[in-house]
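Bear in mind these aren't lab numbers, they're just calculated from the coordinates by the rules spelled out. Quick caveat: nothing in here was measured; it's all calculated off a predicted structure. Here Cβ is always computed from backbone atoms with ideal geometry, including for glycine, and neighbour counts include all displayed protein chains.
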Amino acid sequence: MIILLVDDRGGWTTIIWLLSLCRADLRSLIGAYLTNSPNVSFADVSESMELSRRVNTSLLGALGPLGRNFASRHREKFSPEAIKEAVELEGGGGFLKAKAVQCWQRYEDMANDMDDTAVDQLLHELLSSYAEELMVGPKARQQTKHPFR
């Protein structure tokens, strides 16, 4: 399996970690098995193939709900209620500025922070976390500690 996923922002690191679970190079394992190497058994090849299948299935499965998960996160952050709450937490509603003006300013600030890099990062985070959950299960994911967390 050739892996060309390199991203140090955190999103792809989980995917790389998942793929690193497939420790042995499948091609090398199959080659060694076919040449009757005493170090490689059919069980080794089967295990590596099954792990590879699970990782690929998890990645493909995570693509399906990616748009819905992104939209949900976006709505949570940019909903009128969330913006009003953020303004109130900042002590909004002063004498000189109407609350509606403060909410609009807060929305503009939040929207400015949502550039291409931020959207890309969020998509990577959503994809990798859901793929990992599909791979190891939600409870195991919470307990799993890999070097990128």
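Mind sorting 84, 77 by how few other Cβ atoms lie within 10 Å of their own Cβ, fewest first?
On the way: 84 17, 77 14.
So the residues, fewest neighbours to most, are 77, 84.
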What are the aspartates and glutamates whose alpha-carbon lies under 18 Å from the alpha-carbon of residue 97, with same-chain residues fewer than 8 places away excluded? 85, 88, 108, 109
